[in-house]
Amino acid sequence: MARESRQQSLFTGVASPLADRLRPRGLEEFVGQRHLLGEGKVLRQLIDKDQVSSMIFWGPPGVGKTTLARIIAGKTQAEFINFSAVTSGIKEIKEVMAQAEQSRLAGYKTILFIDEIHRFNKAQQDAFLPFVEKGSIILIGATTENPSFEVNSALLSRCKVFVLQSLSQEDLAQLLRQALANPKGFGMRQVRITEEMLGMIAAFANGDARIALSTLEMVILNGETDETGVTVTSEIIEQCVNKKSLLYDKNGEEHYNIISALHKSMRNSDADAAVYWLARMLEAGEDPLYVARRVVRFASEDVGLADSRALEIAVAAYQACHFIGMPECSVHLTHAVVYMSLAPKSNSLDAAYHSAKEDAQKMLAEPVPLQIRNAPTRLMKELGYGKGYIYAHDTEAKLTVMRCLPDSLAGRKYYRPGTQGQEARMKERLEQIEAWRKAQEKSGK
């Protein structure tokens, strides 16, 4: 009777969430991160020997960052303080640091765990630095953001960064089976659910253990119950996993990872991959105008004069997105993305600008040659402005040998055309112009 009463509490919402009830207490229960926690791995040895040093756990949500910190708390002989970057300010930091310093003077270590350390600003992070340096605390931070950008370089240099990876579908399926067997989960009640359904939940969770366990709990709570247990039907599964939660943070690192993936897929002429990354962004709620602006940039940076129509199509796609908006404009972006992927490629324009930019930055005071200066006043004409200027349209070839670069840069080449698509014609035309000028200079004209 007591057994049934306990199980009923799981279905009435009295018990804590499944993910909390099943949080591992030791490394033997921990699922995933074998590259860090397998036998003989560095992090495993540090935890087993209670020799942890300051470190940062970096990884996506639901992969075990906080759980690892709690496992360390259970094994260490040091005082363990759990600190939240969300609810703590400078005052709380100073109080904890004073407590840690007293412990150090008494011969005791203090491990300070900071969840979401990226939420601390520079001043708050700086407050930890002297105490990390003199050994008052061993800092363990957890973050979903790239610590290279979100953690002060001085603090980061004193921490070992461990990268935690998204859990594989096999890891998540194993976790779900454990939840069904564990008395803290659903082991006290018979649950009828197929391996295929567990696989669907694992795929839906997208590497996040918390989502996987929460979804399992949801489908079981909504299953068909009888005296013998609960049956999870395909209808319930479909309702609970009909919308995948895409890993995407419009202000975080994943935002830049995915736009980079789109750009590089188009550059690699992989239309299928480009459309996939486009869909990942749009379905996660990205502003279509942001994507369209990046495609406009790509049109000149990576296609350029190899196909000048690419820029026209990219700008048209931007305008279409502006007029129509989501979800209808997704097809216009797909049009542009596929066109960019299949277009011939040239980065000659981008390379030309960066090459010229380097010279321009070094020679900002370099004077404009007199022959190509305007001379709107008599004084300017007397000073030689415009002297020697030749109007190209007055010549038969529509060309001149007049130099337009500063003397110190005479003969410098910035634009070096490629041979793809229409740019091959540009290359041929440029070679004709250069040959004509050499011939004119040789003849003394």
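The values are calculated or read from the model by the stated rules, or taken from the named source; none is laboratory data. Note that the structure is predicted; figures quoted are calculated from it, not measured. Heads up, the Cβs are rebuilt from the backbone with ideal geometry, glycines too, and the neighbour counts pull from every protein chain shown. What goes into the accessible areas is simple: the full protein's heavy atoms, side chains included, and nothing from ligands, DNA or RNA. Shrake-Rupley method; radii C 1.70, N 1.55, O 1.52, S 1.80 Å.
Specify the residue that is farthest from the chain's Cα centre (by Cα); the eligible residues are those in the range 256-268 that are in contact (Cβ under 8 Å) with a residue 12 or more places away in the chain and open to solvent by less than 60 Å² (accessible area, probe 1.4 Å).
Here the answer is 266.
Do we find a residue being buried (at least 17 other Cβ atoms within 10 Å of the Cβ) and under 30 Å from residue 222 (Cα atoms) anywhere in the range 117-124? Give the steps one after another, and end with the answer.
Residues of the range 117-124 buried (at least 17 other Cβ atoms within 10 Å of the Cβ): 117-118, 120, 124.
Checking which are under 30 Å from residue 222 (Cα atoms) leaves us with none.
Checked the range 117-124: no residue is buried (at least 17 other Cβ atoms within 10 Å of the Cβ) and under 30 Å from residue 222 (Cα atoms).
Look through 315, 331, 338 and report the one residue that is closer than 20 Å to residue 260 by Cβ and either in contact with a strand residue (DSSP E or B) (Cβ under 8 Å, 6 or more places away or on another chain) or among the β-branched types (Val, Ile, Thr) (or both).
On the way: 315 fails: closer than 20 Å to residue 260 by Cβ; 331 fails: closer than 20 Å to residue 260 by Cβ.
Only one candidate qualifies: 338.
Would you please list the contacts, defined by Cβ atoms under 8 Å and residues six or more apart or on different chains, that run from a residue in the range 419-439 that is in contact (Cβ under 8 Å) with a residue 12 or more places away in the chain to a residue that is surrounded by 17 or more Cβ atoms within 10 Å (Cβ to Cβ) and of a type in the set (Asp, Glu)?
Note: pairs meeting the criteria are 421/307; 422/307.
I'm told residue 330 meets every condition in (1) modelled with pLDDT under 95; (2) in contact with a Pro (Cβ under 9 Å, 6 or more places away or on another chain); (3) within 16 Å of residue 266 (Cα to Cα) except one. Can you identify the failing condition by its number?
Just one mismatch for residue 330, condition (3).
If residue 323 satisfies all but one of (1) in a helix (DSSP H, G or I); (2) open to solvent by less than 90 Å² (accessible area, probe 1.4 Å), what's the number of the condition it fails?
(2)
With (1) modelled with pLDDT of 85 or more; (2) over 30 Å from residue 344 (Cβ atoms); (3) in a loop (DSSP other than H, G, I, E, B) as the list, and residue 420 as the residue in question, which single condition is left unmet?
(2)
In the range 429-443, is there at least one residue being over 26 Å from residue 350 (Cα atoms), among the hydroxyl-bearing types (Ser, Thr, Tyr) and surrounded by 12 or more Cβ atoms within 10 Å (Cβ to Cβ)?
no
Kindly list the number of the only condition in (1) among the hydroxyl-bearing types (Ser, Thr, Tyr); (2) at negative phi; (3) surrounded by fewer than 16 Cβ atoms within 10 Å (Cβ to Cβ) that fails for residue 330.
(3)
Within the range 205-233, how many residues are touching a residue at least 40 places away in the same chain (Cβ under 8 Å), in a helix (DSSP H, G or I) and within 34 Å of the chain's Cα centre (by Cα)?
Going through the range 205-233 one residue at a time, the tally reaches 9.
Would you mind listing the helices (runs of 4 or more DSSP H) fully within the range 1-87 where at least 2 residues are at pLDDT 85 or above and either open to solvent by 70 Å² or more (accessible area, probe 1.4 Å) or under 20 Å from residue 146 (Cα atoms) (or both)?
Because the criterion is at least 2 residues that are at pLDDT 85 or above and either open to solvent by 70 Å² or more (accessible area, probe 1.4 Å) or under 20 Å from residue 146 (Cα atoms) (or both), the helices (runs of 4 or more DSSP H) in the range 1-87 that meet it are 34-37, 42-48, 65-75.
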